[in-house]
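Everything on this sheet refers to the single structure shown next.
Rule-based calculations on the coordinates, nothing more; no lab input. Computed from a predicted structure; not experimentally measured.
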Amino acid sequence: MARRWITPSRVEGEASRQAHADMPAGTYEREISKEGFFGPAAFMHHRRPPTGWVNFEGPLRPRAFDLAAMKGANPSPWAAPRILHNSATELRYWKLDSAMPSLARNGDGDQLLFVHEGEGDLYCDYGHLDFEAGDYIMLPRGTMWRLAPSSPASILMIEASNSHYTLPDKGLLGPHAIFDPAIMDAPKINDVFKAHQADDGETRVEIKKRGEISVATYPYNPLDVVGWHGELSPVRLNVRDIRPIMSHRYHVPPSAHTTFLSDRFVVCTFAPRPFETDPGALKVPFFHNNDDYDEVLFYHAGDFFSRDNIDAGMMTFHPSGFTHGPHPKALKNMLEQKKPATDEYAVMVDTRDPLNIGESAGAVENLDYVNSWCGND
């Protein structure tokens, strides 16, 4: 049943009539909304930045993890450190410096691999795909697969637990906006795959189900298909092929950059785009609470214009209900940017259910991250 939101329309005091534009002089806008950025919203205009605290204590504090500082490579994806998780997803950060000795199979849900660093080959039930930095690889639940990197790989793994990945509804923009599904590549039964099949010795398959690992050992290589047909397969999409929508008069919300959907979370991609040029348009991310979703950002490459002291390979976590927005340095460019365009690639995961922090994350946490907003005035 469709929701019937309680949506009285009001304008009180000094306020703009358009979100993210033409704010009253000297004010800072904060959005309060339902269902992330999809539901009804109110826009507050504050005299001071809403993140101007001098101290912040308690479990709502934001977290930042330097995943690039994690040590050691793991031959199995199921041994990769778990950073964040809930019943609908888990995020692991996996370092792999040589070919996986065993095949992997996820019985818990579709698996999304985001290649932060490295390149090499993927072999799976469906054939062969090469991979490189910036690739998303979506592996349907139950797929047997292995990676053979030709250079050390660092991979963010995002599981759709007991669920699937689908594409977002792009509405009035049409299905070919942002990225055309035709740009996604499927595995091929090519000469590289046939050469892999020729290595036909005993093979282990590590199967994850309900968070536990079972091992099936075959006296041969079970990636032995000679052909397949159908509409279900792994796909590869590189961030370079994403063409973000933008408006020169309005700062579009993060939901406009959605790449993949699951039942209880979304995966978005921030890619380089021109800055807004209208003099009254906000040119940095707006302050917001996002009271219904936990927000995770993984920084892949470029100059992260809204955050100080954030480098490639880092991850930030903002629990739902935590008011956040640009850091002080970025806030100075709220209405005028010195560059014509952004220069960043980042992966965002917004989850409808609260995330738990994994057992391995504490070792690489930046405990001072909450203070990075101090200095707003």
Check residue 117: other-chain or 5+ apart residues with amide H under 5 Å from its amide H, H built from backbone geometry?
154
Mind listing the phi-derived Karplus ³J(HN,Hα) values for the range 288-293, rounded to whole Hz, using 6.51, -1.76 and 1.60 with θ = phi - 60°, and x for any glycine or proline?
7, 9, 6, 5, 9, 9
Ordered by residue, what ³J(HN,Hα) values in Hz, to whole numbers, does the range 26-36 give under the Karplus form 6.51 cos²θ - 1.76 cosθ + 1.60, where θ = phi - 60° and Gly and Pro are x?
x, 10, 10, 7, 10, 9, 10, 9, 9, 6, x
Give the lysines reachable from residue 329 as a straight Cα distance under 21 Å; neighbours fewer than 8 places away on the same chain don't count.
283, 338, 339
By its C-alpha gyration tensor, with a ≥ b ≥ c as the square roots of the eigenvalues, how is the range 1-71 shaped: rounded for a/c under 1.5, else prolate for a/b larger than b/c, else oblate?
oblate
Let me check against my output: what whole-number percent is the relative contact order of the range 67-162, with C-alpha pairs under 8 Å and at least 6 apart?
36
With every atom except the alpha carbons ignored, what do you get for Rg and Dmax of the range 191-335, in angstroms?
22.1, 68
If the cut-off is 16 Å between C-alpha atoms, which lysines fall inside it for residue 71, apart from same-chain ones fewer than 8 positions away?
95
Phi-based couplings in Hz for the range 98-111 (Karplus 6.51, -1.76, 1.60; Gly and Pro marked x):
8, 4, 4, x, 10, 7, 10, 8, 9, x, 8, x, 4, 10
Scaled by the rule-of-thumb 2.2 N^0.38 Å, the alpha carbon Rg for the range 318-377 gives a ratio of 1.44
Using only Cα positions of the range 96-166, each an equal point scatterer, no hydration layer, compute I(q)/I(0) via Debye at q = 0.16, 0.21, 0.23 Å⁻¹ and quote the log10 values to two decimals.
-0.50, -0.87, -1.03
Remind me, what semi-axes does the chain give for its equivalent ellipsoid, largest first in whole Å, using sqrt of 5 times each Cα gyration tensor eigenvalue?
40, 22, 19
Kirkwood Rh over Cα pairs of the range 59-118 into Stokes-Einstein at 10 °C, 1.306 mPa s: D in µm²/s?
119
